[in-house]
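Remarks on the structure that follows.
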């Protein structure tokens, strides 16, 4: 437990030291909220969808968490290239514990980033439907964060340099985001697209967040929780296995 705590704390310290990283990672979520929220808001309202900003914010919060969590996992590649990972792996500690510690730290950082975006959304006009569901929303944020930190760790364990990172962004992370229902309702979609969205774990994270924040869950909060929990267990196991096979 001490090893997990130390690695968790190290990730947090790294995050708070890098103020430029905190500010820089807010640019894209703010752009999406302002440009899409106010740009498509009138069209969405005329179509009978209601307040688009309230629909959009849970998806943008999930997006912020997704990208921060993936980057936290991918940092393994940097640590490997500069020798920091070797210092950690030679310690007489289970590699699975090292992976869990790093994932918990990365997930906490990603959750904090999501909370910052969530707070900013209130200044743009977003309002929760039921404030008693705030803890549920925070729990879903952490589940999304841990899931994709574990995924980032699994991916980074297979890569030896950053050259493949752009491929991952273009062919994995961006489709996961855009095909999650973060930007559009998932009702009445073509069957093929509906099937893809149903297989996307982020869809359940976005849906759970939306259900907790504005009461608009499509799958049901219990289904969202169960699917995320199962995928977290699978990816944590996969990430731990692949991390244990890293050659130093």
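Gain on full extension, evaluated as 0.36 nm per residue between residue 198 and residue 172 minus their Cα-Cα distance, stands at 7.8 nm.
Taking the average, over residues, of other Cβ atoms within 10 Å as the packing measure, peptides 31-37, 53-59 rank 53-59, 31-37 from highest down.
Just so you know, the averaged projected area of the alpha carbon convex hull for the stretch 131-210 sits at 6.3 nm². The calculated FRET efficiency for residue 237 paired with residue 38, based on their beta-carbon distance and R0 = 41 Å, is about 0.45.
The packing ranking, built from the mean of other Cβ atoms within 10 Å per residue, places the peptides 120-126, 66-72 in the order 66-72, 120-126, highest first. Here the peptides 142-153, 190-201 are ranked by packing, the mean other Cβ count within 10 Å, and the order with the highest first is 142-153, 190-201.
Computed from the coordinates by the stated procedures, all read-outs in this text should not be read as laboratory data. Note that the structure is a prediction, hence the values are computed from the model and not measured. Positions of Cβ are generated from backbone atoms using ideal geometry, with glycine treated the same way; all protein chains shown enter the neighbour counts.
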